[in-house]
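First the structure, in the form of structure tokens, and then the observations on it.
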């Protein structure tokens, strides 16, 4: 009997911008939320497996019109948001520190299929304002 080994370097992972959608910050923190965003197929090193006109087209502001279904009356920075980026076998989850909680991180890991990668959560707002500030209260 011969076993075929699947290496994590051969798997497909996803990266991209996301929003944490909920009625209020309090409800999101209670687990009442969904994650919505772009999932770009990538390899273990973080190289995109499909091409884009420009990486500049992948910003939250530019993607919102595509992912705002049901929330067209809200601006791109209304809901908490973040991004998954992959680099050499490590998935970096960038988001506002208010949402660094296991259920949110676990849902992001599951949605972006990055459970086989090293995971690092980047909270860039600990000592200063965040790139991921939002308007939802």
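The values are calculated or read from the model by the stated rules, or taken from the named source; none is laboratory data. Every value quoted in this text rests on a predicted model; they were computed, and no experiment measured them. Positions of Cβ are generated from backbone atoms using ideal geometry, with glycine treated the same way; all protein chains shown enter the neighbour counts.
A few points about this structure:
- Among the residues listed as 119, 109, 105, the single one being touching a strand residue (DSSP E or B) at 6+ places or on another chain (Cβ under 9 Å), at pLDDT 95 or above and either exposed (fewer than 15 other Cβ atoms within 10 Å of the Cβ) or outside any helix (DSSP H, G or I) (or both): 119
- Any chance residue 69 is exposed (fewer than 12 other Cβ atoms within 10 Å of the Cβ), more than 13 Å from the chain's Cα centre (by Cα), without any contact (Cβ under 8 Å) to a residue 12 or more places away in the chain and closer than 14 Å to residue 134 by Cβ: no
- Residue in segment 110-129 that is touching a residue at least 60 places away in the same chain (Cβ under 8 Å) and closer than 22 Å to residue 26 by Cα present: no
- The numbered conditions (1) surrounded by 11 or more Cβ atoms within 10 Å (Cβ to Cβ); (2) out of contact with any strand residue (DSSP E or B) (no Cβ under 7 Å at 6 or more places or on another chain); (3) at pLDDT below 95 are all true for residue 58 except (2).
- Residues of segment 85-102 classified as without any contact (Cβ under 8 Å) to a residue 24 or more places away in the chain and part of a strand (DSSP E or B), total: 0
- Counted residues, segment 17-35 - those being in a strand (DSSP E or B) and surrounded by fewer than 18 Cβ atoms within 10 Å (Cβ to Cβ): 2
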